[in-house]
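The values are calculated or read from the model by the stated rules, or taken from the named source; none is laboratory data. None of these values were measured; they are calculated from a predicted model. As a convention, Cβ positions derive from the backbone with ideal geometry for all residues, glycine included, and neighbour counts pool all protein chains shown. The area values use the complete protein model at the heavy-atom level, side chains included, leaving out ligands, DNA and RNA. Shrake-Rupley method; radii C 1.70, N 1.55, O 1.52, S 1.80 Å.
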Amino acid sequence: MKSILARMTRKIMKLLWILFFLGIVSVGILFGAAAVGIMGEMPDVSQLENPRTNLASQIISADGQVLGKFYYDDNRTPLDFQDLPTNLVNALIATEDERYYNHSGIDWKGTLRAVIFLGKKGGGSTITQQLARQLFVGTRDRHIARAVSQKIKEWIIAIRLERRYTKEEIIAMYLNIYDFGYQADGIESASRIFFNKKPHELLLEESAVLVGMLKNSSLYNPIRRPELTQSRRNIVLKQMNRNDFISKKKRDSLERLTIETDFTPQSHIEGLAPYFRSYVQNYVSQWINENPRSDGGYHNLYEDGLRIFTTIDSRLQKKAEDAVKQHMRSLQSHFWKDVQSNLRAPFSDIDGQLIDQIMESSVKRTERWRQMKNRGSSEKRIWESFHEPKPMSVFSWSGEIDTIMTPIDSILYYKHFLRASLLSMEPQTGNIKAWVGGINFKHFKFDQVKQGKRQVGSTFKPFLYATAIDQLKLSPCDQYPDSQYCIPALKYGNMERWCPKNSTNKYGETRTLSNGLANSVNSFSARIMDMVGPGPVIQLAQNLGIDSPIEEVPSIALGTPDISLYELVGAYSVFANYGIYIEPNVISRIEDKNGRLIYQADLNTRDVLGEESAYTVLNLLSGVTKFGTGTRLRHFFQENNESYKSLITGYPYQFENEIAGKTGTTQNQSDGWFMGMVPNLVTGVWVGGEDRSIHFKYLTQGQGATMALPIWALYMKDIYQDSLWVSKENFRVPKNLTVNLDCSGNIDLKEFGL
């Protein structure tokens, strides 16, 4: 009996050993098959060493802030391990892989525990395995056989990753690859979107929230499910205490805190400088198309992780946007009141037929019209669709309004809103420092800085005066009679006799050149235009960087040409740079994802005016803000001049530093301009309606000094209040100046209307 039992025992043991070795061989065959790709494609060495992930290109300001990103689906910006906060790394290891530094990709103890307890006491996947799944394996298949195959591939890839990367590199790769939702691809984007912080600025409890989301970012979502996410965060804190990363006292205090997010979605239409980012997008795309890589391929703006370093100062940009919003919100309320009794609002001075033409043109420029046309819809059907009520969200200065409106009514509604733009440039470098293309990029995408061209009014007059000073050697103190001046027909190509009127309709004074520009006297400008002729003025304007066509007629003296704010700021910068033109620049350099320089900006400069002539124009423009149309910037001109003080009531800007500036107002108050200069910053502002027939009734509200100048003043006051780098000094006086600038003997307050 004993011998029979012994034989059976030996047979059973032999069978068990055979099954054991067969199991080992089978596992080996499975692993071998997976390793060579029989069970599905496996990444080769090059893929392991260079795993392909789409990287968002970053737009970086001159002061080091990320203004925005360009991407298709992946808003991902990779970080190195040293850029990760210690509390984030500790939270990750404590929660996801306690023995991370003690295994080589597979934690057999954790795997065995997961098998025995069916995952109820924790999963068996290490951080390296999770990275392998994210990079190469994909979502776990529900079919058991395919899931096992995926797990085997995951193990093999994890081991290979551990051989090629350090533990620190694997952690960084894992956190960079994870999708946290809301286009927060990777830890850098997640930190900014959920907490509006850079990763190294995260508090410990904030790091715990993000690590908790790694289990399931849709389920543990702090925006949609804060209570569930807080519970998950507390599990992370418990694990950190269990692994001695934090004390129990620290854990208890943090667990009592509610989750406080600063949700900051990142998209192409939100955030700082959206009009500028849109321009950069087109600029860089064109550069990429014109500059192939050395291998013949092309960079991809949306996937290659380019770092685009711009000239914008994020602090000035924020202040510029705030100034535009603050003033335009107030100005718009005045405009609503101004047009409320107008049956054809917001249009003025035109008949119904012309209004119909404007509306038809606007309809045909819409995306709705374009899409329906491309789908083959008839014009009749398209027009019908514009009269069908639809739910929509529309812009208001109090926030978006959900309403039901026909598309044609929404077009008319938006035409009621006045538009604005601002551009700042450092004249010595050509670097653009702030760019505001409109009042709201989501609802008004047309960029009024570069795309928009409007009549510039009296802001063109400095080019006329500069021509006379440079070519005829006129002095600011030269005097001429202020009588209505006429230029005969056909003298300079004008078809009719040209006799411009002054806005005050008053004549008879004797004025200096300085006073004529300061008060923007039209009859004075006509006289100077007849002295130099329109040809030389146009030539100077072109040398100053104005590329827009200018008709060679004397009326350009009053600013009839359509010119962009971008051109105008570049031209004015020549005066502040003492006669040297520097082409405006928005990008300083571009680097690829590895930090290799692929683009470096070059300065495009030329001499346009003599230093003395340029400074003389600066001196004339300084007079505009001292005793001309820009005096609202000042608190007082003379302390004992009560009549002057009364003119500036309600404009308490109280600038005391030297400011060169020029207001501009076009016919019927359609456009309001202000150009303001201090030694190292030139800023232009434009305000107006979408169409020239949209304007204030009266000059009091519709002039440049009322519509545009306050934006410049609010912007600069905010800059000076924060003591940023913008100068408060006087303009530098050239050595050996020969032009007489002291006109004190010629000044009579009566000449200034005081």
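Helix 461-472: angle to the longest alpha-carbon principal axis of the chain, degrees 0 to 90, nearest 10?
The two axes meet at around 60 degrees.
In Å, what is the Rg of the alpha-carbon atoms in the stretch 248-334, and how long is Dmax?
21.1, 61
No solvent, one uniform scatterer per C-alpha: report log10 I(q)/I(0) for the chain via the Debye equation at q = 0.07, 0.08 1/Å, two decimals.
-0.66, -0.80
As a test of the definition: which semi-axes, in Å, follow for the stretch 534-639 when you take the square root of five times each eigenvalue of its alpha carbon gyration tensor? Largest first, please.
In descending order, the three semi-axes are 32, 21, 14 Å.
Rolling a 1.4 Å sphere over the protein heavy atoms, what is the accessible area per residue of the stretch 479-601, to the nearest Å²?
Per residue, the stretch 479-601 has 40 Å² of solvent-accessible surface.
How do Leu412, Leu517 stack up against each other in accessible area, from largest to smallest, with a 1.4 angstrom probe?
Leu412, Leu517
Any idea what diffusion coefficient the stretch 178-266 gets from Stokes-Einstein, in µm²/s, Kirkwood Rh on alpha carbon pairs, 10 °C, 1.306 mPa s?
Numbers: Rh = 12.9 Å.
Here the translational diffusion coefficient equals 123 µm²/s.
Could you name the aspartates and glutamates whose alpha carbon sits less than 15 Å from that of Lys491, not counting residues in the same chain fewer than 8 places away?
The reachable aspartates and glutamates, counting only those whose Cα sits under 15 Å from Lys491, are Asp530, Glu551, Glu552.
Given +1 on the Cβ of Lys and Arg, -1 on the Cβ of Asp and Glu, and no further charges, what dipole in debye does the chain carry about its Cα centre, rounded to the nearest 20?
Dipole size: approximately 4020 debye.
Local charge sum around Trp673 (other residues, Cβ-Cβ under 15 Å, Lys/Arg +1, Asp/Glu -1)?
After counting each charged neighbour, the total is +4.
State, as an integer percentage, the relative contact order of the chain based on alpha-carbon contacts under 8 Å between residues 6 or more apart.
Averaging sequence separation for qualifying contacts and normalising by length gives 12 percent for the chain.
Set Lys and Arg Cβ to +1 and Asp and Glu Cβ to -1, take the dipole of the stretch 145-222 about its Cα centre, and tell me which of Leu175, Ser207, Ile157 lies farthest positive.
About the Cα centre, the residue reaching furthest to the positive side is Ile157.
Projected onto the charge dipole of the chain (+1 at Lys/Arg Cβ, -1 at Asp/Glu Cβ, origin at the Cα centre), which of Leu699, Ser613, Met359 gives the Cα projection farthest towards the positive end?
Ranked along the dipole, the leading option is Met359.
Taking Lys717 as the anchor, which aspartates and glutamates have their alpha carbon closer than 18 Å to its alpha carbon, excluding any fewer than eight residues away along the same chain?
Reachable aspartates and glutamates: Asp313, Glu321, Asp322, Glu426, Glu656, Glu658, Glu729.
When ligands, DNA and RNA are left out and all protein chains stay put, how many square angstrom of accessible area per residue does the stretch 371-445 have with a 1.4 Å probe? Don't skip to the end; give the middle numbers.
Numbers: 3340 Å² over 75 residues.
Dividing the accessible area of the stretch 371-445 by its residue count gives 44 Å².
Compare the Cα positions of Gln721, Asn736, Ser622 along the charge dipole of the chain (+1 at Cβ of Lys, Arg; -1 at Cβ of Asp, Glu; about the Cα centre) and return the one farthest towards the positive end.
Gln721
From the cross-link list Lys453/Lys662; Lys337/Lys450; Lys501/Lys728; Lys318/Lys593; Lys506/Lys626, which pairs have alpha carbons spaced over 25 Å apart?
Lys337/Lys450; Lys501/Lys728; Lys318/Lys593
Counting helices only, and only those DSSP H runs with n ≥ 4, report the 222 nm mean residue ellipticity of the chain as the sum of -39,500 (n - 2.57) divided by its residues, in deg cm²/dmol to the nearest 500.
That calculation yields -13000 deg cm²/dmol at 222 nm.
Need the list of aspartates and glutamates near Lys250 for cross-linking: C-alpha distance under 13 angstrom, and skip anything on the same chain fewer than eight residues off.
Partners found: Glu205.
Summing +1 for each Lys or Arg and -1 for each Asp or Glu, what net charge is found among the other residues whose Cβ lies under 13 Å from the Cβ of Tyr492?
-2
Report the convex hull volume per residue for the stretch 181-336, counting only C-alpha atoms, in Å³.
198
Per the 1.4 Å probe, what fraction of the accessible area of the chain, in percent, lies on carbon and sulfur atoms?
Carbon and sulfur: 50 percent of the exposed surface of the chain.
Would you mind estimating how fast the stretch 359-496 diffuses translationally, via Stokes-Einstein at 10 °C and 1.306 mPa s with the Kirkwood radius over Cα pairs, in µm²/s?
My calculation gives 78 µm²/s for D.
Could you tell me the extents of the stretch 377-428's C-alpha atoms along the three principal axes, largest first, rounded to whole Å?
Dimensions of the stretch 377-428 along the principal axes of its Cα atoms: 55, 29, 16 Å.
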